[in-house]
Amino acid sequence: MKVNKKLFCFALAAMALSSCNMDYNEYTAYDKEYIQRSFSYVGGLMTTIYTDIDTDWGNLSGAMLSSATDESEYSHDGNSVEDFFNGNWSASNAHQTIWSSAYQGITYCNEVIDNWSNLEFDQFKLNTDYEKQMFLYNNYQYEARWARAYFYFTLVRQYGGVPFKDHNTTGTEETALPRTSSDDIFNFIIKECDDIKDKIIEDYAGKSDMILSKAETGRANKYAVLALKAQAALYHASPLFTQGKTDGEKKNLWAIAVAANKELIDEAEAKGYGLATNLEDLWGKEYYSNVSSTKEILFARRTASSNTFEGYNFPVGYSSGQGGNCPTQDLVDAFECTDGKSISESPLYDANDPYANRDPRLAKTVVVNGEAWPNDLAAYNSEYPTIETYVGGYHSRTGNAAGKSYATTTGYYLKKFCNPDQILRARSGVAVTTSPHGWLTFRMGGMYLNYAEALYEYFKACGNGNAADASGAVEYTDAEGNAQSVTVPASQTAAKMASKTRERSSMPAFVTGMTNDAFWAKYKNERRVELAFEGHRFYDVRRWMEDGDKFMNIHRMEITKNEDGTFTYKKVAVTRGDGQWQSKWNLFPFNQTEIMKSGGAITQNPGW
């Protein structure tokens, strides 16, 4: 957990602008005094902090966490993502990537906050760019406090209570830190966000005369702060973190979540935030500057231009595509028909033409048999101008594609987040291409759904049998013991908030009068569809403490091409591991080495 100051020289030297699209060069930091000589050295340290913020572009040797859920199956057998369901996950194989990066980030944040804030840089006051540099510099301490709170959020959602430090200490003191309760960690996050929300820059709109490049707009602002607070409050109120609490305490936490999410929604909408015109704008090549996408994105972790993600996930048989994270039939089935009904209820569903009359988001998320995708597919190999995932098809495991052993296991390939124009391998007259990618840490679509969940759970806790349609006063006691209240207008019911992402994609809104059970089932499905592959489902199922069994029993689609050119579709069940979800998996195990280093101060999570 400890990061020695001497490591800064290595960390800062290794982190260039390419890692997070901020206009800095490479840095070498020898000590505090050296860094204080220039704005740029402190800015370089902030760049390092941003690079510690999590993404999931295939962190497990190409596999995303989605492939540990029922969203996808990784096509390369033996990948470590299988540890999450085959029994190889343990205190000695703890998958502690977040642990390492978060505590490194926290250490850097503490350094900025405690030692490198509120400097004047007198030697530069006569420089022509002094005012611009100070404009950015004066926000660093608040960015660092936001990032530190965010790192603690990533830790608490995985482990529950964790060792806590808001100042750096000696190695011996740090390794002996005990766990701080999840309640205290969540309360710290919320309090920290409240303290800095009006101090950090509101946003960078209209500040072109004060920023050094467009890339600087990728930094956290007020709305990223409010989004973190809102999401942390939602998690805090979720069943995983309220075990052992009274019904009154649980209701109070849901009320706090309502207030936090309402604050974010109200203030963001007043500023002009809302939903992008098209869902796919959020991961388009110009996501960071397109007015449609920037309307929705509250914070995206920017990464360098590359084609690595496409390489991991493009279809086998096209260029150097590796198959990758193949959507499951379970995810495909979750996309309703255009009448808003599930495929088991809708008269529009045709088992012989299963992708017709479906939620438009399906075509933006999943590559299905018969599609001409990616855009270079036909030009690359004119003999196979469409994707063939049927048995014996060119892009299937049983076809004649090169490297077919890595072809889709499920009958599908991943489309979401992939740039369809990407060229992976140069050929005559065609050059390799790369493009920017932004991990959607917080976006309005997700926040509308968060708000819907908090509203529903609060009004259900009040005894309302139609909680999705309820509105009115919400009263609660904050962490400081103060009585608070907000009023939810009739325009902000759970049903209406959960309908926003649907309506953006031309899907029918939630109807009024739904029973609580009916709303909850449909809400979970909406969240699953809208936020697919954005890293939410892995944690949602855990914080809800339900549906884990769905990760263990998934389905593939076996497609057979008939002599007349039509296709037959057969759903095939697949059991992962022993097929049994274990409740201990709701939280990560602490690495046994960390427990030993702490001298037993860190106690293991139950079951591990």
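So the values come out like this:
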quantity	calculated
Tally, over region 324-337, of residues that are in contact with a strand residue (DSSP E or B) (Cβ under 8 Å, 6 or more places away or on another chain), open to solvent by less than 20 Å² (accessible area, probe 1.4 Å) and farther than 16 Å from H395 by Cβ	7
Single condition Q123 does not satisfy, out of (1) modelled with pLDDT under 95; (2) assigned to a helix (DSSP H, G or I); (3) among the polar types (S, T, N, Q); (4) open to solvent by less than 40 Å² (accessible area, probe 1.4 Å)	(4)
Subset tally (residues that are at pLDDT below 95 and part of a loop (DSSP other than H, G, I, E, B)) for region 25-65	10
So P178, is it touching a Phe, Trp or Tyr at 6+ places or on another chain (Cβ under 7 Å), surrounded by fewer than 16 Cβ atoms within 10 Å (Cβ to Cβ) and at pLDDT 95 or above	no
Search result, residues across region 201-217 that are in a helix (DSSP H, G or I) and either under 16 Å from the mean Cα position of the chain (by Cα) or of a type in the set (D, E) (or both)	E216
So S319, is it within 28 Å of A454 (Cβ to Cβ), in a loop (DSSP other than H, G, I, E, B) and touching a helix residue (DSSP H, G or I) at 6+ places or on another chain (Cβ under 9 Å)	no
Lone qualifier among S491, S499, S485 - being without any contact (Cβ under 8 Å) to a residue 40 or more places away in the chain, open to solvent by less than 20 Å² (accessible area, probe 1.4 Å), farther than 24 Å from W585 by Cβ and of a type in the set (G, A, S)	S499
Failed condition for R542, given (1) surrounded by 15 or more Cβ atoms within 10 Å (Cβ to Cβ); (2) not in a helix (DSSP H, G or I)	(2)
Condition broken by A227, with the remaining ones in (1) surrounded by fewer than 18 Cβ atoms within 10 Å (Cβ to Cβ); (2) within 22 Å of the chain's Cα centre (by Cα) satisfied	(1)
Hits in region 393-407 (condition: at pLDDT below 95 and more than 31 Å from the chain's Cα centre (by Cα))	T398, G399, N400, A401, A402
Criterion (without any contact (Cβ under 8 Å) to a residue 60 or more places away in the chain and on the phi > 0 side of the Ramachandran plot) met by exactly one of G87, G105, G58, G78	G78
Pair list, Cβ < 7 Å and 6+ apart or interchain, from region 397-425 residues that are under 25 Å from E530 (Cβ atoms) to residues that are open to solvent by 50 Å² or more (accessible area, probe 1.4 Å) and among the polar types (S, T, N, Q)	P420/N375; D421/N375
Considering residues of region 230-254 that are charged (D, E, K, R) and assigned to a helix (DSSP H, G or I) only, the residue most open to solvent (accessible area, probe 1.4 Å)	D247
Matching residues, region 578-599, being in contact with a helix residue (DSSP H, G or I) (Cβ under 7 Å, 6 or more places away or on another chain) and more than 21 Å from Q96 (Cβ to Cβ)	G579, Q580, W581
Leading residue by the ranking (most open to solvent (accessible area, probe 1.4 Å)) among those in region 378-422 that are over 22 Å from N278 (Cβ atoms) and not in a loop (DSSP other than H, G, I, E, B)	Y406
Contacts under 9 angstrom Cβ, first residue in region 467-481 being closer than 23 Å to I190 by Cβ and free of Cβ contacts under 8 Å to residues at least 60 places away in the same chain, partner of a type in the set (V, I, T) and surrounded by 13 or more Cβ atoms within 10 Å (Cβ to Cβ), 6 or more apart	A473/V486; A473/V488
Among residues of region 424-480, those that are in contact with an Asp or Glu (Cβ under 8 Å, 6 or more places away or on another chain) and part of a loop (DSSP other than H, G, I, E, B), counted	2
Filtered residues of region 423-445 (kept if open to solvent by 10 Å² or more (accessible area, probe 1.4 Å) and within 19 Å of the chain's Cα centre (by Cα))	P436, H437, W439, T441
Some residue of region 338-346 being modelled with pLDDT of 95 or more, closer than 21 Å to M64 by Cα and open to solvent by less than 60 Å² (accessible area, probe 1.4 Å)	no
Condition met for G463 (small (G, A, S) and over 28 Å from E336 (Cα atoms))	yes
Residue under evaluation S471, criteria (1) modelled with pLDDT under 95; (2) touching a helix residue (DSSP H, G or I) at 6+ places or on another chain (Cβ under 6 Å), criterion not met	(1)
Residue tally, condition buried (at least 24 other Cβ atoms within 10 Å of the Cβ), of a type in the set (S, T, Y) and under 15 Å from the mean Cα position of the chain (by Cα), over region 39-80	3
Residues of region 552-567 classified as open to solvent by 40 Å² or more (accessible area, probe 1.4 Å) and assigned to a strand (DSSP E or B), total	7
Residues being open to solvent by 30 Å² or more (accessible area, probe 1.4 Å) and either polar (S, T, N, Q) or out of contact with any helix residue (DSSP H, G or I) (no Cβ under 6 Å at 6 or more places or on another chain) (or both) - total across region 357-369	3
Cβ-Cβ under 8 Å pairs, at least 6 apart or on other chains, region 250-279 side farther than 15 Å from M447 by Cβ and among the hydroxyl-bearing types (S, T, Y), far side part of a helix (DSSP H, G or I) and open to solvent by less than 30 Å² (accessible area, probe 1.4 Å)	T277/S292
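Here's the yes/no breakdown for (1) hydroxyl-bearing (S, T, Y); (2) more than 22 Å from A232 (Cβ to Cβ); (3) open to solvent by 10 Å² or more (accessible area, probe 1.4 Å):
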| residue | (1), (2), (3) |
| --- | --- |
| I256 | no, no, yes |
| K262 | no, no, yes |
| L282 | no, yes, no |
| S306 | yes, yes, yes |
| Q322 | no, yes, yes |
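The values are calculated or read from the model by the stated rules, or taken from the named source; none is laboratory data. Note that the structure is predicted; figures quoted are calculated from it, not measured. Positions of Cβ are backbone-derived with ideal geometry, glycine not excepted, and every protein chain shown enters the neighbour counts. What goes into the accessible areas is simple: the full protein's heavy atoms, side chains included, and nothing from ligands, DNA or RNA. Shrake-Rupley method; radii C 1.70, N 1.55, O 1.52, S 1.80 Å.
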